[in-house]
Amino acid sequence: MSFQMTASSTHDSGPLEQVPMPSLSSAPARVFGFNLRAGPLAAAEARHAFQAAEDTLSEDERQPMLLMLTELVTNAVRHGEGAERPRGVAVKVVECDAAVGAAVTNPGAGFEWNGRMSDDPLEPGGYGLLLVDRMASRWGIDRSPGSTTVWFELDRATA
C-alpha cells in the first residue's frame, strides 16, 4: 500500500470531468464514470452503476473494488460540502492490464488523513480509509480549489 496527497489545479467542467484518473502504470484499457446525488442511497447506487458497467473484472478484483468504492462514496456524501453543486459525487473507474482503480470526487476543501482518530475499537467511525489503506496497492487524496478526490488502485494478479 502506498499513500499520496497532492494539490491539483481546478477545471471549469462538470464534476465527472474534474475527477483525475488514478495514475495506473500502463495506459488505460477502459474508463467509465458516473455522477451521483449525495444522499443515503449514493453508496448503493454507486455499487449498482459499477456492476452494470463493469464486466471484465474477476470476482477477486470485483469484491475489493466494490468495498473500497462504497467506503469512498460514503465518505464523500458524509463529509462533502459546497454551495455551487447540490453535494454531487462523481466516480471514475479505470482499468488497464496491470491494475484497476477508482476515483471519487466531491465538493469540499479536503482533509489531512493521519490514520484513525481513536484506538478505541468501540468508538464509531474512522475505519473506511483504514480499509482502503490496507486493501489498495496505492491510494491518495487530491485537493483542488472547491473539490476533493480520493482515489485507489488495485494491482491485478499476474498469472
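Bear in mind that the values in this text are calculations on the coordinates, not laboratory data. In this text the structure is predicted, and so the values were computed from the model without any measurement.
Computed values, structure above
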read-out: Extended-chain gain in nm, criterion 0.36 nm per residue less alpha-carbon gap, Glu45 and Leu130; value: 28.3 nm
read-out: Amide hydrogen neighbours beyond the local backbone of Glu81, cut-off 5 Å, H modeled; value: Gly108
read-out: Nonlocal amide H pairs with Ala38, under 5 Å, H built at 1.01 Å; value: Gly88, Val89
read-out: Length added when fully stretched, Thr56-Ala109, from 0.36 nm per residue minus Cα-Cα; value: 15.6 nm
